[in-house]
1. What is the magnitude of the charge dipole of the range 40-192 about its Cα centre, with +1 placed on the Cβ of each Lys and Arg, -1 on the Cβ of each Asp and Glu, and no other charges, expressed in debye to the nearest 20?
2. Can you tell me the dipole magnitude for the range 77-138 around its Cα centre, using point charges on the Cβ only (Lys, Arg +1; Asp, Glu -1), in Debye to the nearest 20?
3. What share of the DSSP beta bridges in the chain is antiparallel, in percent to the nearest 5?
4. Taking the Cβ-Cβ separation of Ala63 and His179 as r and a Förster radius of 35 Å, what is the calculated FRET efficiency to the nearest 0.05?
5. If you filter the range 4-86 for chymotrypsin sites (Phe, Trp or Tyr not before Pro), then keep DSSP loop positions with at most 11 other Cβ within 10 Å, what is left?
6. Any idea which of Phe64, Asn151, Ser40 is furthest toward the positive side of the dipole for the chain, if Lys and Arg beta-carbons carry +1 and Asp and Glu beta-carbons -1?
7. Run the helix sum for the chain: -39,500 (n - 2.57) per DSSP H stretch of 4+ residues, divided by residue count, reported at 222 nm to the nearest 500 deg cm²/dmol.
8. Where in the range 1-86 are there GluC sites (Glu not before Pro) that are in a DSSP coil and have at most 15 other Cβ atoms within 10 angstrom of their Cβ?
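A short reminder: the numbers here are calculations on the coordinates, not readings from a lab. If you're wondering where the values come from, they're calculated on a predicted model, not measured in any experiment. Positions of Cβ are generated from backbone atoms using ideal geometry, with glycine treated the same way; all protein chains shown enter the neighbour counts.
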Amino acid sequence: MWRGERHVLRGLAVEVAGGEVLQVTGANGAGKTTLLRALSGMLYLEEGRVVWNGRNVREDLPAFHGALTYLGHEPPLKADLTAFENLRYWVGLRRKVATPRISSALESVGVPGLGGELVRTLSAGQKRRVALAALVLLSVPLWLLDEPTTNLDPDGQKLVGSLIDRHIRAGGLAIAAVHREIFVSPQHLRRLELSKG
């Protein structure tokens, strides 16, 4: 893949299995976000392929997208909807979600009283926690996470690690682009460092 005049993600080959988390590190501009977008199918590779369950994802992109969730730098929340409405809409695009499940998910990420609050009134860390609740609700095997601990306090950073650990123990897999270490069980953790240039 190229970014402008610079070649990024050259010669990269990696395989991640269920029950593993791949922590992708590297300097700013090394290609971490580009890698996640390429893996998600949002960017077309100029050479190479992304394979999911033995098949090139381009053969059935909608089915592949149904198996993943992508959480980017900025949580995909609508400012003029409540936290609850955002989750109902976001998750509801894929499956029906009952009101008690949304409330339970918000509680599990440490913001039980914020369901009725407009997102524009929430702090950056609270918005991140609402977005993390969507991970809990979506129940998909592949998580692609771009700086998932951004704007979180130390407890929130530990929460991200525990959510990933729970997901991994259930057989899911996660690929996370990070600048700071995520607190996950080391036996399930693999690392990939991207170099700039």
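1. On the way: 19 positive and 15 negative charges, 80 e Å.
With only Lys, Arg, Asp and Glu charged at Cβ, the dipole is about 380 debye.
2. Taking the Cα centre of the range 77-138 as origin, the dipole is about 240 debye.
3. Details: 5 of 24 bridges.
Taking every DSSP beta bridge within the chain, about 20 percent pair in antiparallel fashion.
4. 0.60
5. Tyr44
6. Going by the Cα projections, it comes out as Phe64.
7. Helix-only estimate at 222 nm: -10000 deg cm²/dmol.
8. Qualifying residues, ordered by number: Glu5, Glu15, Glu46, Glu47.
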